[in-house]
Each structure stands twice: as structure tokens, then as C-alpha cells.
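The values are calculated or read from the model by the stated rules, or taken from the named source; none is laboratory data. Everything numeric in this text was worked out from a predicted model, so none of it was measured. In this analysis, Cβ positions are derived from the backbone assuming ideal geometry, glycine residues included, and neighbour counts consider all displayed protein chains. Side chains included, ligands, DNA and RNA excluded: accessible areas come from the protein's heavy atoms. Shrake-Rupley method; radii C 1.70, N 1.55, O 1.52, S 1.80 Å.
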Amino acid sequence: MTVLPLLHTWPDQYGILTYTTLGAFGETAVIGYIPIAIIPDMPLIDIAARHQPTRVYGSAGGPSFAEACWLMCVGWSGRVVRKPGTLDLDDAEWSLERDSTTDLFKTVYGHDRLLTGRFTLTDSEHMAQARALLPAHDRSDRAAGLTLVG
């Protein structure tokens, strides 16, 4: 599993994104967000839509196809080209409160399906590590006296 900060609303709104796979060959991509008390929930398909993914992936793939491709690209590239502030957790237990499922008409980034939603790591230490990836300036600007809970 790869966990990384995601600048999702320019210029300064970050959240924490997770990327993992399911299936014998990783056929299903799972992209989620880590809930953080001071950050609004991240509607991932809507966030992807704001980035105009149909300009890259086209619109012939059906509802949410381009958005799913954009999200899988973010997760996959975050795993392949790591940047500082990326966390890799091998064999971490997790659960997903699913927002959407997108079945793709063709394989993209090695995946045939995408699940998105609110992601919870079972181990509280892993959750604390994931939440700590939120850029410090975002925590201080948004917290206004609140403390991140882990």
C-alpha cells in the first residue's frame, strides 16, 4: 500500500490518499482517503473530474471512466515514482467505506476496476503515520487551535 499527500484543490488544500490493489494480479485498484478531523471528506471522483481527465482519457469509456483512470494514474505513479513524504506499508490491514465502484471497459494501469472511498488502517500507529503526511502548513492553517487525532 502506498500513502501520499495529495494537493487536490489549488493552491493549498491537501488530503491523504491511499493506493492499493486487490486480486491475484492486482486487477482491482483501491484508492481511498484517510479521514482527518480538520480536513473535509475527499469526494475522489469529483476531485478527479475537476482535473478534466476526459482530455487525456476520452469520454467513450462510460460514466466515471476518465475520472477512474486519473485516480489510478495518481496512485500508480505515486507508487512507481516516490517523492519525499510517501509512506509504503506492506501487508497493512485496512477497510474501505466505499463511495464508488467503476468497472473499466479495458485494462488501465494494470487494473480492470476501481473502488474509492474512506480508507481506515486497522493499526492505530499506521493511521498516525498516514495522518502525519499532511503538510505542516496545512495542519496549522486549518487547525485554528484544533489538534490532529491519530
Ranking MET1, MET72 from most to least accessible area with a 1.4 Å probe gives MET1, MET72
So for R0 = 25 Å, FRET eff. of ALA49-ASP12 from the Cβ-Cβ r, to 0.05, ends up at 0.80
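Based on DSSP H runs of at least 4 residues, each adding -39500 (n - 2.57), what is the mean residue ellipticity at 222 nm of the chain after dividing by all its residues, to the nearest 500 deg cm²/dmol?
-8000 deg cm²/dmol
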With label points set 7 Å from each Cα along the Cα-to-Cβ direction at LEU22 and ASP90, the distance between them in nm comes to 2.4 nm
Membrane-span-like helices (DSSP H runs, Cα span along own axis at least 20 Å, mean Kyte-Doolittle at least 0.5) in the chain -> 65-80
extent check for the chain: Cα max minus min per principal axis, descending, whole Å, gives 47, 33, 27
Taking the alpha-carbon centre of each part, the distance from the range 74-98 to the range 114-129 in Å is 10 Å
Simple spin-label estimate for ALA128/VAL80, 7 Å along Cα→Cβ, in nm, reads 3.5 nm
